[in-house]
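The values are calculated or read from the model by the stated rules, or taken from the named source; none is laboratory data. Being a predicted model, the structure only gives us computed values, none of them experimental. Cβ sites come from the backbone with ideal geometry, for glycine too, and all protein chains shown count toward neighbours.
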Amino acid sequence: MTESPDAHRVLVVDDEPNIVDVVAMALRFQGFAVESAGTGGGALAKVSSFKPQLIVLDVMPRTWRASTWPSGWAPSAAASRSSS
């Protein structure tokens, strides 16, 4: 599937390149515009330049304080847990 000019932008952040590759490939297949970063600093740089509408990340580093996020951005987390 080809990315359309008005595709939603997703930033994938993970320090495991294999995870980034699989997640990015699946999102691109569904038509999303995808960029990736392997570090918190790299992610912050991509937020400023790529302006993603969604960020997918594994764990938020403790060094990511609210004061380091660009104006208008605030991280939120969603997790699913089994009740077993």
*Using the structure shown, decide if residue 82 is exposed (fewer than 13 other Cβ atoms within 10 Å of the Cβ) and either modelled with pLDDT of 90 or more or assigned to a loop (DSSP other than H, G, I, E, B) (or both).*
yes
*asked:* For the condition assigned to a loop (DSSP other than H, G, I, E, B), at pLDDT below 65 and either surrounded by 10 or more Cβ atoms within 10 Å (Cβ to Cβ) or out of contact with any strand residue (DSSP E or B) (no Cβ under 8 Å at 6 or more places or on another chain) (or both), what is the one hit in 5, 75, 52?
replied: 75
*Examine the range 56-72 for a residue that is part of a strand (DSSP E or B) and either polar (S, T, N, Q) or modelled with pLDDT under 95 (or both), and state whether such a residue exists.*
yes
